[in-house]
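Scroll down for the structure; my scribbles are underneath it.
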């Protein structure tokens, strides 16, 4: 594990040959001529839980959104199971097996839990009975409250609905954008446990998190983004114990977590 250099990029290419999802040297952003990502690399192997951490403004959520076609990629490539998917529309990516849970506005508050989950199957309604059973096995409270409107739920319960809806199309990869944001410490822990349970159920997960220490505790591998580039990468444990990562990132991020 080291700061990103040309040799590390070569190592990334070699290590990610069997990846289910990978991003190579991605450059892009929201506005023409303004790049937030400046050569970011990432890969996720089948069955992995991958975490992305870094300071505010580092490009974490932008990288995640680029994987889901919500940010224009101007250079580099994104592949899913070896297939080029760079800049495909979100609905096309859902059909190919990618689920995405945004940080905010991630439920339909006027709809019931059951109706929210039905919306997750809009591309293939026939999947609903089987996938509803799968999701409510993971999140029993959703089954118990299936007729309750999502707008009346707590923040943690809404996050469960959002995750459940993204799982309804049976994705191979689930993208989570700061799933613990705005939640109490107890509910944050619950979300992290749920994320790990989703991963153990056979879904590969790529998660952006501001709660860096907790993210590194549960992820198999992690990436530290800075200025739109992959500054460090390694196992969650290795990153959490790396003196450079601690000095440059975890100290500041830890202060942000304590203040939130």
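Points to keep in mind about this one:
- Residue in the stretch 206-213 that is modelled with pLDDT under 95, over 17 Å from the mean Cα position of the chain (by Cα) and either surrounded by fewer than 17 Cβ atoms within 10 Å (Cβ to Cβ) or assigned to a loop (DSSP other than H, G, I, E, B) (or both) present: no
- Which numbered condition residue 160 misses (of (1) in contact with a helix residue (DSSP H, G or I) (Cβ under 8 Å, 6 or more places away or on another chain); (2) under 30 Å from residue 59 (Cβ atoms); (3) assigned to a loop (DSSP other than H, G, I, E, B)): (3)
- For beta carbons closer than 8 Å, sequence separation of 6+ or different chains, a first residue in the stretch 232-257 that is over 10 Å from residue 212 (Cα atoms) and a second that is in a helix (DSSP H, G or I) and at pLDDT below 70, the qualifying pairs are 233/8; 233/12.
- Checked against (1) surrounded by fewer than 21 Cβ atoms within 10 Å (Cβ to Cβ); (2) not in a strand (DSSP E or B), residue 135 passes all but condition (1).
- Check on residue 146, modelled with pLDDT of 95 or more, touching a strand residue (DSSP E or B) at 6+ places or on another chain (Cβ under 6 Å) and surrounded by fewer than 20 Cβ atoms within 10 Å (Cβ to Cβ): no
- Selection of the stretch 115-124 for residues being outside any helix (DSSP H, G or I) and in contact (Cβ under 8 Å) with a residue 12 or more places away in the chain yields 120, 121, 123, 124.
- Of everything listed in (1) over 19 Å from residue 114 (Cα atoms); (2) at pLDDT 95 or above; (3) in a helix (DSSP H, G or I), the single unmet condition for residue 190 is (2).
- Taking (1) over 24 Å from residue 21 (Cβ atoms); (2) in contact with a strand residue (DSSP E or B) (Cβ under 6 Å, 6 or more places away or on another chain) in turn, residue 113 satisfies each apart from (2).
The values are calculated or read from the model by the stated rules, or taken from the named source; none is laboratory data. No experiment lies behind these values; they were computed from the predicted model shown. Note that we place each Cβ from the backbone using ideal geometry, even for glycine, and neighbour counts take in every protein chain shown.
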